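Each remark here refers to the structure printed beneath this line.
The values are calculated or read from the model by the stated rules, or taken from the named source; none is laboratory data. Nothing here was measured: the structure is a model prediction, and the numbers come from that model. Here Cβ is always computed from backbone atoms with ideal geometry, including for glycine, and neighbour counts include all displayed protein chains.
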Amino acid sequence: MASYVDSVLAAGEKIVHRASISHWNFALSYLFGAALVAAGFATLFISNRTAVFVGAAALAIGIIVLLAAAIRRATTELVLTDRRIITKRGLISRETVEMNLGKVESVHVNQSLLGRLLDYGDVTVVGTGASLEPLIGIARPLELRRKLGEVSQPRDTKST
């Protein structure tokens, strides 16, 4: 199955950079889901019927939490092409935003101390007339900003 971005690229448009949401953005979901799965397995080994029901419920909820986090991460796309920035969120319902590079005025990167240590942060692309809503928990945000700066620089033209 092709990604959304691959299906909307214009003729001759090239992908410069693909960004993703950091796994650290889902750390609490991963920990909570793993704790529920572990508690569910532990409780299933107790012979009490009520405990088995509670264990199965905890196991199911833990798996759902882990799957939901993995699906949210996998279905979010942030792509920088040589012409525009494309963001897409969602699996069943889809939210997409595109901004032409000519409209980009600035890029804001916010990183907490932990974000700097683990190399993730929030990125906001500000354009003329509008801006993309902040992209929360992006992995390697400074690399995205650097690539955007490289692409949006006007190309040198030689005049004779």
Considering residues of the range 102-116 that are among the aliphatic types (A, V, I, L, M) and in a strand (DSSP E or B) only, the residue farthest from LEU80 (Cα to Cα): VAL109
Given the conditions (1) surrounded by 13 or more Cβ atoms within 10 Å (Cβ to Cβ); (2) at positive phi, and given that ALA139 satisfies all but one, which numbered condition is not satisfied? (2)
Pull up the range 98-133, narrow it to residues that are loosely packed, with under 14 Cβ neighbours inside 10 Å and either charged (D, E, K, R) or touching a helix residue (DSSP H, G or I) at 6+ places or on another chain (Cβ under 6 Å) (or both), then point me to the one that is modelled with the lowest pLDDT. GLU133
Does the range 80-92 include one or more residues that are in a helix (DSSP H, G or I) and crowded, with 18+ Cβ neighbours inside 10 Å? no
Filter result for ALA34 (under 15 Å from GLY137 (Cα atoms) and not acidic (Asp, Glu)): no
Of ALA68, ALA56, ALA51, which residue is surrounded by 12 or more Cβ atoms within 10 Å (Cβ to Cβ), closer than 18 Å to ASN25 by Cβ and either over 23 Å from the mean Cα position of the chain (by Cα) or of a type outside the set (Phe, Trp, Tyr) (or both)? ALA68
